[in-house]
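Heads up: the structure comes next, in structure tokens.
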Amino acid sequence: MAIPVWLESVVAASGLIAAAGCAAGIPAPEPLRAPDGMALTARGRGPDVLLIHGALGDYRQWEPIDRALSNSYRMIAVSRRFHWPNPAPAADAEYTYDAQSSDLYALLQSLGRPAHLVAHSYGAGVALLTALRHPELVRSLILVELPFGSLMAPSAPEFASELASRDSMVAAVRASVQAGAAERAAESLIDWVEGGPGGFRKLSRAIQEQLLANAATVGPTYSAPAPVVTCDQLRALQLPVLIVRGEQTRPWYRLVAATAADCIPGAESAVIPAARHMSIVENPDGSADLIAGFIARH
């Protein structure tokens, strides 16, 4: 008898989601309910792998990666609160790492079993904070382009110039938002993370459109400072951790990745070839290979 093909389901805000399909002798996974304000896609069966996007992202960025891994895992791609297709943030929205971490905690609790977390940029910060607070809910942690500059010593080579460059970018983003030009602010942010002017335009048209669909989040993203995360905190992590960066990423993310890997006991490091900061969409095949290899061992 033919085995039905896998089907994909999508949920927004308060809806239900299940990875449908039937495989001989394998019970269907429990349906998922997205915590209020979040949206999910789920595909496949097996251990849970949560995919958490960065600034201006949403779950669509993970589609090639979750398709590649869904034969072995239940791939759960998350659109964080305020990101497409969720409602955009109001002017007074609480957009902070702590609030986003609380959302992720609620989702992890609902799964009923520890999950592998794979997270990019701002999402990597959210995942790291959640793992530090609730390690019992995390099976392994893959942090792609971790953003926390607080890990760096002020005297680290290149760091001072990178910090000044980042501060200039944040000021430009805030000025554009104040002027009602959220899309210009979004493009400025992506130019910076990608290494300089023109970085946004080098991405595919589909990715550009996805990023601009989340332009309303760029102001709230930079409305509050990032938390201060220290090497001493990272030394307390007793989880399998993989620190990932793009081969061509800017020094900010390269320096943070190297420091984080040194601070976390037993952490592994990996580089995604032919990629800058937006590595998960610039080289999804290479990203999927690294993710699959690490979680297969954990």
Requested in this report: Could you tell me whether the range 246-265 includes any residue that is in contact with a His (Cβ under 8 Å, 6 or more places away or on another chain), of a type in the set (S, T, N, Q) and touching a residue at least 24 places away in the same chain (Cβ under 8 Å)?
Outcome: yes
**Report entry** Filter result (surrounded by fewer than 16 Cβ atoms within 10 Å (Cβ to Cβ), part of a helix (DSSP H, G or I) and hydrophobic (A, V, I, L, M, F, W, C)) within the range 173-183
**Finding:** 175
Query raised in the report: Right, residue 140: open to solvent by 20 Å² or more (accessible area, probe 1.4 Å) and touching a helix residue (DSSP H, G or I) at 6+ places or on another chain (Cβ under 9 Å) or not?
Result: no
Report task. Can you run down the residue pairs with Cβ atoms below 7 Å, 6 or more apart or on separate chains, where the first is in the range 202-230 and under 16 Å from residue 190 (Cα atoms) and the partner is crowded, with 18+ Cβ neighbours inside 10 Å and polar (S, T, N, Q)? Result -> 210/61
Query raised in the report: Yes or no: residue 99 buried (at least 20 other Cβ atoms within 10 Å of the Cβ) and not hydroxyl-bearing (Ser, Thr, Tyr)?
Result: no
Requested in this report: Determine if the range 221-235 includes at least one residue that is exposed (fewer than 15 other Cβ atoms within 10 Å of the Cβ) and of a type in the set (Ser, Thr, Tyr).
Outcome: yes
Requested in this report: Restricting attention to the range 150-167, report how many residues are farther than 22 Å from residue 128 by Cβ and either surrounded by 12 or more Cβ atoms within 10 Å (Cβ to Cβ) or at pLDDT below 95 (or both).
Outcome: 5
Query raised in the report: Counting just the residues of the range 184-201 that are hydrophobic (A, V, I, L, M, F, W, C) and either more than 30 Å from residue 92 (Cα to Cα) or without any contact (Cβ under 8 Å) to a residue 60 or more places away in the chain (or both), which one comes out surrounded by the most Cβ atoms within 10 Å (Cβ to Cβ)?
Result: 185
Query raised in the report: Of all residues in the range 58-75, which are more than 11 Å from residue 39 (Cβ to Cβ) and either open to solvent by less than 30 Å² (accessible area, probe 1.4 Å) or in contact (Cβ under 8 Å) with a residue 40 or more places away in the chain (or both)?
Result: 61, 62, 64, 65, 66, 68, 69, 70, 72, 73, 74, 75
Query raised in the report: Out of the range 174-210, which residues are among the aliphatic types (A, V, I, L, M) and touching a helix residue (DSSP H, G or I) at 6+ places or on another chain (Cβ under 6 Å)?
Result: 177, 182, 185, 186, 189, 190, 207
Report task. With the checklist (1) in a strand (DSSP E or B); (2) without any contact (Cβ under 8 Å) to a residue 24 or more places away in the chain in hand, flag the one item residue 136 doesn't pass. Result -> (1)
Query raised in the report: Given the conditions (1) without any contact (Cβ under 8 Å) to a residue 12 or more places away in the chain; (2) more than 24 Å from residue 36 (Cα to Cα), which single one is not true for residue 143?
Result: (1)
Report summary line: Those residues of the range 265-285 which are open to solvent by 10 Å² or more (accessible area, probe 1.4 Å) and part of a strand (DSSP E or B) amount to 268, 269, 270, 271
Report summary line: Across (1) at pLDDT 95 or above; (2) in contact with a helix residue (DSSP H, G or I) (Cβ under 7 Å, 6 or more places away or on another chain), residue 33 clears everything bar (1)
Report summary line: Of the candidates 288, 296, 213, the one satisfying the condition of being at pLDDT 95 or above, surrounded by fewer than 21 Cβ atoms within 10 Å (Cβ to Cβ) and within 15 Å of the chain's Cα centre (by Cα) is 288
Query raised in the report: Restricting attention to the range 242-264, does a residue exist that is at pLDDT 95 or above, outside any helix (DSSP H, G or I), surrounded by 15 or more Cβ atoms within 10 Å (Cβ to Cβ) and of a type in the set (Ser, Thr, Tyr)?
Result: yes
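The values are calculated or read from the model by the stated rules, or taken from the named source; none is laboratory data. If you're wondering where the values come from, they're calculated on a predicted model, not measured in any experiment. Neighbour counts are summed over all protein chains in view; Cβ atoms, including those assigned to glycine, are modelled from backbone coordinates with ideal geometry. For accessibility, only protein heavy atoms count, side chains too; no ligands or nucleic acids. Shrake-Rupley method; radii C 1.70, N 1.55, O 1.52, S 1.80 Å.
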